[in-house]
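**Student:** One structure is given below, represented as structure tokens, and several questions about it will come after.
Here, each number is a calculation from the coordinates, and none is a lab measurement. Bear in mind the structure is a predicted one, so any value in this text is a computation, not a measurement. When we count neighbours, we look across all protein chains shown, and the Cβ atoms used for this are built from the backbone with ideal geometry, even at glycine.
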């Protein structure tokens, strides 16, 4: 079993303190706590400005494990120019801040639709169009398979195997972002991690699944507070050669979003022992 993770190997996904801190404060917090990386959400990035954020991140000496998020290909029931343009902007933002990948939350069923196969086709079409630009600026695209509870409204790609099937068809420049919250339940996950390999394992996100879970979107747990074998999953991705940041992404309306953010970061570092 892998040993614990040092602070320098952790990355703060800004969703973890989204209610308390701006991106500038997140960057400063990572630097003060010795956290090695950061992964901004685009709303925080756009508030600060990508150019300003890129400079602040460089000056702080921290890495960028990813940018959240592109995708949302299915909303209009067709791949619209607006969707293409927004994903192109997301690619350019990821390039400017030096993100290791652009994480894709691909979208659920189009409004009023019950045709999940159509949604899958839209996602693949949209990813192909995004890749055309992403390849020119060397930004890897990372499909994030989400738990099946989100298939209707957030992401109709719900298993690592499905995401990898798309990667197989789409070719170079695309892989997966594996979040333990979304994959821990999958009986095929060990085989699919092995199938992924190092080249397509673009990001690894951690938090925990609480029992009971009070809200399926905003009640994630801090590592060690739930039922996920996080260390076991980490050992599997590292067996494939993954050596990137371990990114902490916690949505927690009633707990961690209400705490002092310095306490949140200190707890992240403390819980590195169970990752």
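**Student:** Decide, for the stretch 113-204, between rounded, prolate and oblate: order the square roots of the alpha carbon gyration tensor eigenvalues as a ≥ b ≥ c, take rounded if a/c falls under 1.5, and otherwise choose prolate if a/b is larger than b/c, else oblate.
**Tutor:** Oblate, because a/c is 1.5 or more while a/b does not exceed b/c.
**Student:** For the stretch 130-255, report the % of Cα-Cα distances exceeding 23 Å.
**Tutor:** Distances greater than 23 Å cover 31 percent of the Cα pairs.
**Student:** Right, another one. Figure the gain on full extension for residue 114 and residue 46 (residue separation times 0.36 nm, minus the Cα-Cα span) and round it to one decimal in nm.
**Tutor:** 21.1 nm
**Student:** How many angstrom lie between the Cα centre of the stretch 27-48 and the Cα centre of the stretch 148-168?
**Tutor:** About 28 Å separates the Cα centre of the stretch 27-48 from the one of the stretch 148-168.
**Student:** Under the 0.36 nm per residue contour assumption, what length would be gained going from the current alpha-carbon distance of residue 188 and residue 128 to full extension?
**Tutor:** 19.0 nm
**Student:** Let me check against my output: what whole-number percent is the relative contact order of the stretch 1-160, with C-alpha pairs under 8 Å and at least 6 apart? It would help to have the intermediate numbers written out before the result.
**Tutor:** Values: 288 pairs, mean separation 31.4, N = 160.
Here the relative contact order equals 20 percent.
**Student:** Only bridges whose two residues both fall in the stretch 1-144 count here: according to DSSP, what percent of them are antiparallel, nearest 5?
**Tutor:** So the antiparallel bridges in the stretch 1-144 amount to around 0 percent.
**Student:** Would you kindly state how much longer the chain becomes between residue 33 and residue 274 on full extension, computed as 0.36 nm times their sequence separation minus their alpha carbon distance, in nm to one decimal?
**Tutor:** Working: separation 241, 0.36 × 241 = 86.76 nm, distance 1.85 nm.
Extra length from residue 33 to residue 274 when fully extended: 84.9 nm.
**Student:** Looking only at the chain, where both bridge partners belong to it, what percent of the DSSP beta bridges are antiparallel (to the nearest 5)?
**Tutor:** If we restrict to bridges inside the chain, about 5 percent are antiparallel.
**Student:** Can I ask one more? Measuring from label point to label point, each 7 Å out along Cα→Cβ, what is the residue 218 to residue 75 span in nm?
**Tutor:** According to this spin-label approximation, the distance is 1.9 nm.
**Student:** I would also like to ask the following. Per DSSP helix of 4 or more residues, -39500 (n - 2.57); summed, then divided by the residues of the chain. What does that give at 222 nm, rounded to the nearest 500?
**Tutor:** -12500 deg cm²/dmol
**Student:** Rg/Rh for the stretch 7-268: what does it come to with C-alpha atoms and Rh from Kirkwood?
**Tutor:** On the way: Rg = 17.2 Å, Rh = 18.3 Å.
Here the Rg-to-Rh quotient is 0.94.
**Student:** Please compute the modelled spin-label separation between residue 266 and residue 22, points set 7 Å along Cα→Cβ, answer in nm with one decimal.
**Tutor:** Roughly 2.5 nm, to one decimal.
**Student:** Let me have the relative contact order for the stretch 7-268, percent, based on Cα pairs under 8 Å that are six or more residues apart.
**Tutor:** About 20 percent, as a whole number.
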